[in-house]
Amino acid sequence: MITKRHNIACRMILKAIRKTGSLGSCIVSMDIGCNKRMTMQNLQIPETAESRIVPKWLFPPRFPDKDRFTSSRPHIVLVNPIAAKTHKQQTNVGGWVLRSGRVQLRETGSFPAAPPATSRATNPRQHRPKDLNKTRCDIHLVEIKYCEDTRPQNQLNAAKEQHKDVSNILQGASVTLHIILLGVGGTIYTLEPFKELGLDSQRVKKLASKLHVHSVNFAAKLVHTRRALSSTVINSHQEPVSGQACNPLDPH
């Protein structure tokens, strides 16, 4: 149930990016559950999404396939063309900046802005992510995690550490890690990652509202299921008592 809650949330986010975002045609891989589940949520697999792992063409030449297959897998990877002016590769991770494998903290308290999202191309073949020159593309890694509503820092740090290596290896003008944290009780911590992924303010609020309702509903299901399982375990260790069916034991 916990895995199902997470994957459904991932597919809701992907569906919003795919159908209403300016980066909808830039998805190159996604690791958010099986194709059958995606079909059940009326979500079509993008033609540009090659597999569940990061595509080979984003790695350096002669990078071992064994290492690529065992590298971390962001839930969604997008690649979009940058403006004519190129810039040195860096990795933005929330309020962190990774350069040359070293981690530095930005005392901004907010997520840094990603490179401006480009509009969908009129000719789909003109801007196919795979056809872009590596020095002319921005790579966006999306990691989605559920965490405690009052203590998100542990999962935030875990996401940064999880994808630190692959972020430094990938080749592009820039690599940005977008960490989306969802509270188990329905908390939505920030809307900035959704905006950075090409959604306008109205669609961001609509998506956040859906994710909130989804989390709250699953929180109730999980609580009821845990209580039912706990009751089953307790009763299995108790000897039958006359009249027990009519007068259940005091749960306290």
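What do you reckon, is residue 169 in contact with a helix residue (DSSP H, G or I) (Cβ under 8 Å, 6 or more places away or on another chain) and of a type outside the set (S, T, N, Q)? So that I can check it myself, show each step before the final result.
On the way: in contact with a helix residue (DSSP H, G or I) (Cβ under 8 Å, 6 or more places away or on another chain): no; of a type outside the set (S, T, N, Q): yes.
When the stated conditions are applied, residue 169 does not pass them.
Find the residue count for segment 168-205, including only residues that are of a type in the set (Ser, Thr, Tyr) and within 12 Å of residue 142 (Cβ to Cβ). Walk me through it before giving the result.
Within segment 168-205, the subset of a type in the set (Ser, Thr, Tyr) is 174, 176, 187, 189-190, 201.
If we keep only those that are within 12 Å of residue 142 (Cβ to Cβ) as well, we get 176.
The qualifying residues number 1.
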- Of all the residues that make up segment 41-94, how many are closer than 17 Å to residue 161 by Cα, at pLDDT below 85 and polar (S, T, N, Q)? 3
- Message: I'd like to know if segment 192-211 contains one or more residues that are of a type outside the set (D, E, K, R), surrounded by fewer than 12 Cβ atoms within 10 Å (Cβ to Cβ), within 20 Å of residue 7 (Cβ to Cβ) and at pLDDT 95 or above.
- Response: yes
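The values are calculated or read from the model by the stated rules, or taken from the named source; none is laboratory data. These numbers come from a predicted model, not from an experiment. Don't worry about glycine lacking a Cβ; one is built from the backbone with ideal geometry, like all the others, and counts go over all protein chains shown.
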